[in-house]
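*Asks:* One structure, pasted below without further comment.
A short reminder: the numbers here are calculations on the coordinates, not readings from a lab. On a predicted model such as this, the values are computed, not experimentally measured, just so you know. Here Cβ is always computed from backbone atoms with ideal geometry, including for glycine, and neighbour counts include all displayed protein chains.
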Amino acid sequence: MANALINVPDRTRRGEIVEIKTLISHPMETGYRRSQLGARIPRDIIRLFVCTYNGTEVFRAELHPAITANPFFVFSTVATESGTLTFQWTGDNGFSVTETAAITVD
Amino acid sequence: MNRATSRREFLAGAAAGLGLGAVIAVTPAHATPQEMQDAIRKVVGSAPVTKGRVKLELPPLSENGNTVPLTVSVESAMTPADHVRAIHVFTELNPQPEVVTFRLGPRAGRARVSTRIRLANTQTVTAIGELSDGSFWSATAAVVVTLAACLEDA
C-alpha cells in the first residue's frame, strides 16, 4: 500500500498562512521507458492530487509523467478554523489514497 | 551603370538585413519547439502572455534529471477579488510538454508552490500564472542537465 507523509503544523493562529508538505510513495512510471527486452513499460502515474480543508477544496495539482517518482508538493493555506485537512491522490490502474490530518486553530 | 547596380544591391541587402533583424526580434532567442507553444496555446487560448510577476526557481545546473526541485511563486494579493487561479509548468524537450498544473485560490494565502520534476535534457522550463482577472504571466528558467531522465532501462 502506498505510504503517504504529511507535514502540517498542528497548532496555528487564525488567519495565519500554514505551509503543508506532502510526499507519497509511487513509481510514477512515465510510459516512455522500455524494458531490457525492448517492450514499452505501460504508464502508471498519479493523475490528480486534491487537498480539501473541512470540505472546501484549497489546492489541486494535475500531474503528468514529468513529475518525479514519489510526488512531493509544498503549498499553503490560510488557517480559518480547527478541523481536518483531507488529501487525496488518484491515478492510473485504479490508484486512490486518502489521508487526513488534524489542524487546531487558536 | 555598374555603380547604380551596386547601389541597388546594397539597398536590397540592407532591406533584407532589416527584415531578418525584425524576425529575430519577434521570435525568442532560443528555438522553442512547436509542441510546447501548442500546449501553452491550449491552456491560454487567444489571451496574450506577458513576462513578469511569476518567479520560477530551478537550479541552473542539475546533476540528475530524474529529480529537479522546482518552486514557482506569483506576485498576488490572493484576495477573493484578485488571486492566482492556476500555475502551469511546461518544458520544451521532454517527451510531453506539460509538466504539472496547480489550481489554487484565495484560500491558499500565498501563491507559492514547490515540487520535484523530471527533465529529459538541458532545456528551458516555462511557468505560466493564470490570474483571476483572466490575464496570463510567465517566467522561464534554463537548466543544464548532466544525467537525463527517461533514458535508462528499467
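*Asks:* Would you pick out the residues in region B:98-128 that are more than 7 Å from chain A (Cβ to nearest Cβ) and polar (S, T, N, Q)?
*Replies:* Listed by number, the residues that qualify are B:Asn121, B:Thr122, B:Gln123, B:Thr124, B:Thr126.
*Asks:* Please go through (1) farther than 14 Å from A:Thr98 by Cα; (2) surrounded by fewer than 19 Cβ atoms within 10 Å (Cβ to Cβ) for A:Ile67 and return the number of the only condition it doesn't satisfy.
*Replies:* It is condition (2) that A:Ile67 fails.
*Asks:* So which residues in region A:89-106 are surrounded by fewer than 16 Cβ atoms within 10 Å (Cβ to Cβ) and within 12 Å of the chain's Cα centre (by Cα)?
*Replies:* Scanning region A:89-106 gives A:Thr90, A:Ser96, A:Thr98, A:Thr100.
*Asks:* Search region A:4-23 for residues that are in a strand (DSSP E or B) and pair each with any residue that is surrounded by 13 or more Cβ atoms within 10 Å (Cβ to Cβ) and of a type in the set (Gly, Ala, Ser) when their beta-carbon atoms are under 6 Å apart and the residues are at least 6 apart or on different chains.
*Replies:* So the pair list comes out as A:Ile6/A:Ala101; A:Thr12/A:Ala79; A:Ile17/A:Ser76; A:Ile17/B:Gly109; A:Val18/A:Ala79; A:Glu19/A:Ser76.
*Asks:* I've got another one for you. How many of the residues making up region B:129-154 are without any contact (Cβ under 8 Å) to a residue 24 or more places away in the chain and either among the polar types (S, T, N, Q) or more than 7 Å from every other protein chain (Cβ to nearest Cβ) (or both)?
*Replies:* 1
*Asks:* Which of the residues that make up region A:57-79 are facing chain B (nearest Cβ under 8 Å) and in a loop (DSSP other than H, G, I, E, B)?
*Replies:* A:His64, A:Pro65, A:Ala66, A:Thr68, A:Ala69, A:Pro71
*Asks:* Still on this model: Give me the residue from region A:20-56 that is of a type in the set (D, E, K, R) and more than 8 Å from chain B (Cβ to nearest Cβ) and, out of that set, farthest from B:Ile117 (Cα to Cα).
*Replies:* Among those that are of a type in the set (D, E, K, R) and more than 8 Å from chain B (Cβ to nearest Cβ), it is A:Arg40.
*Asks:* (1) at the interface with chain B (Cβ under 10 Å from one of its Cβ atoms); (2) under 13 Å from the mean Cα position of the chain (by Cα); (3) under 22 Å from B:Pro80 (Cα atoms): which one isn't true of A:Leu85, the others all being true?
*Replies:* Among (1) at the interface with chain B (Cβ under 10 Å from one of its Cβ atoms); (2) under 13 Å from the mean Cα position of the chain (by Cα); (3) under 22 Å from B:Pro80 (Cα atoms), A:Leu85 violates only (1).
*Asks:* Is there a residue being surrounded by 15 or more Cβ atoms within 10 Å (Cβ to Cβ), assigned to a strand (DSSP E or B) and in contact (Cβ under 8 Å) with a residue 60 or more places away in the chain anywhere in region A:24-45?
*Replies:* Scanning region A:24-45 turns up at least one residue that is surrounded by 15 or more Cβ atoms within 10 Å (Cβ to Cβ), assigned to a strand (DSSP E or B) and in contact (Cβ under 8 Å) with a residue 60 or more places away in the chain.
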